[in-house]
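Novice: Just passing along the structure, written as structure tokens.
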Amino acid sequence: MEAINEVHVSEPGLAVVDVAAADDETAFAFHAALAARWATTSVERTTRDPGQPGVRLRCYLDLRQPMSPSGAPSAMA
């Protein structure tokens, strides 16, 4: 994986998530679970490291957005 760009963690509440999973389905399911709860970047593909088991996926999260327990954005007052 590439180095983490400073802009992706320039403020509290921003996070870089690197996922290692057995297969694409598992990696995308984990990303979908994150995306249901927080603002995330979209992902279209996983990567494979030659000679290493499984796949890898990177996404970026913004935890600063207030969310309701269901994962839908809360109404701002």
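Any read-out appearing in this document is the output of simple, stated calculations on the displayed coordinates, not a laboratory observation. Since the model is a prediction, treat every value here as computed from it, not as a measurement. As a convention, Cβ positions derive from the backbone with ideal geometry for all residues, glycine included, and neighbour counts pool all protein chains shown.
Novice: Report D for the range 11-62 in µm² per second (integer): Stokes-Einstein, Kirkwood Rh on Cα pairs, 20 °C, 1.002 mPa s. Could you put the intermediate results ahead of the total?
Specialist: Details: Rh = 11.4 Å.
In µm²/s, the coefficient rounds to 188.
Novice: So, with +1 on the Cβ of K and R and -1 on the Cβ of D and E, and no other charges, what is the size of the charge dipole of the range 11-62 about its Cα centre, to the nearest 20 debye?
Specialist: Numbers: 5 positive and 8 negative charges, 5 e Å.
Here the size comes out at about 20 debye.
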